[in-house]
Structures are given as C-alpha cells and as structure tokens.
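Asks: Let me begin by handing over the structure; questions about it come next.
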Amino acid sequence: MPTAVKVAQISELSPGTAKVVEANGRKVAIFNVEGAFYAIDNTCTHRGGPLGEGVLNGELVTCPWHGAKFNVKTGAVTNPPARAGVRTFPVRVEGNDVLVELD
C-alpha cells in the first residue's frame, strides 16, 4: 500500500524548478510545472543521469548528461538517447506540504 511522504514545502519549488529528495530509500525528482507538482524517478533510463538536475521546459525535463527528454507528467521518454520512460509517483498538496505517494 502506498505511503504519502512529505518531501517539500510549496515555497521550496517555484514554477519551472525541480528538487531532488530521498524518501523511503528512493531518489525522486519533484517538479513544479505552472503551479502543479509532479514526481518521477531521479534516474535517467539511458545512463543513470540525475533528472532533477536537468533543465525543465514546460512539462519536459532534459537529462543533463546526454540530452534525453522526459515528460514529467507521464514519465514518457520524448527524445533519445533514452528508449524507456521513467516511473512516476502520485503527488498531492496538503496545506503548504508537498507529499509523494511511494510504495
């Protein structure tokens, strides 16, 4: 059963930014896309690059290592060299807290 884990305060993530957190032994990248929050695995499926350190343009994040692009809403890869998408996690906001559901 998924557990909701507080990973940030809303004020820590202005629109267009990301934050990498570790929760339940997993590194997760949290993104603020125009006030909506999304969470994906922080590890690029191509060579393991840190997606939370990539450039966010709209809902697409570019891996800083080799340029693969992922949709932070769906986890789908949209640009090679990665061939597989990344895992997404449900996010909810309670008051000023950003929570991610992890299993």
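Asks: If you scan segment 12-68, which residues turn out to be part of a loop (DSSP other than H, G, I, E, B) and of a type in the set (Val, Ile, Thr)? Steps first, please.
Replies: Going through segment 12-68, the residues part of a loop (DSSP other than H, G, I, E, B) turn out to be 13-17, 24-25, 34-35, 42, 44-49, 54, 58-59, 63-68.
Result: THR17, THR45.
Asks: Give the residue that is farthest from ASN96 (Cα to Cα), with candidates limited to residues of segment 22-78 that are small (Gly, Ala, Ser) and crowded, with 19+ Cβ neighbours inside 10 Å. Write out each step before concluding.
Replies: Start the filter on segment 22-78 by keeping residues that are small (Gly, Ala, Ser), which leaves 23, 25, 29, 35-36, 39, 48-49, 52, 54, 58, 67-68, 75-76.
Then keep just the ones that are crowded, with 19+ Cβ neighbours inside 10 Å; that gives 29, 39, 49, 52, 54, 68.
Values: ALA29: 18, ALA39: 17, GLY49: 30, GLY52: 21, GLY54: 25, ALA68: 32 Å.
That would be ALA68.
Asks: Another question, if that's okay. Which of the following residues is of a type in the set (Val, Ile, Thr), more than 14 Å from the chain's Cα centre (by Cα), under 20 Å from GLU94 (Cβ atoms) and modelled with pLDDT of 95 or more: ILE30, ILE10?
Replies: Values: ILE30 fails: more than 14 Å from the chain's Cα centre (by Cα).
Just one listed residue meets the conditions, ILE10.
Asks: Let me ask something else. For PHE89, are the conditions met, namely being within 25 Å of THR3 (Cβ to Cβ), touching a Leu at 6+ places or on another chain (Cβ under 7 Å) and without any contact (Cβ under 8 Å) to a residue 40 or more places away in the chain? Full working, then the answer.
Replies: Details: within 25 Å of THR3 (Cβ to Cβ): yes; touching a Leu at 6+ places or on another chain (Cβ under 7 Å): yes; without any contact (Cβ under 8 Å) to a residue 40 or more places away in the chain: no.
Spelling it out, it is not the case that PHE89 is within 25 Å of THR3 (Cβ to Cβ), touching a Leu at 6+ places or on another chain (Cβ under 7 Å) and without any contact (Cβ under 8 Å) to a residue 40 or more places away in the chain.
Asks: I'd like the residue in segment 31-49 that is of a type outside the set (Lys, Arg) and either out of contact with any strand residue (DSSP E or B) (no Cβ under 8 Å at 6 or more places or on another chain) or in contact (Cβ under 8 Å) with a residue 60 or more places away in the chain (or both) and, out of all such residues, is farthest from SER11 (Cα to Cα). Before you say what the answer is, go through the steps one by one.
Replies: If we filter segment 31-49 for residues that are of a type outside the set (Lys, Arg), which is where we start, we get 31-46, 48-49.
From what is left, the residues that are either out of contact with any strand residue (DSSP E or B) (no Cβ under 8 Å at 6 or more places or on another chain) or in contact (Cβ under 8 Å) with a residue 60 or more places away in the chain (or both) are 34-37, 39, 46, 48.
Details: GLU34: 13, GLY35: 11, ALA36: 13, PHE37: 12, ALA39: 16, HIS46: 32, GLY48: 28 Å.
Per the stated criteria, the residue is HIS46.
The values are calculated or read from the model by the stated rules, or taken from the named source; none is laboratory data. Given the structure is predicted, the values throughout are model-derived calculations rather than measurements. Quick reminder, even Gly has a Cβ in these numbers, built from the backbone with ideal geometry, and neighbours come from all protein chains shown.
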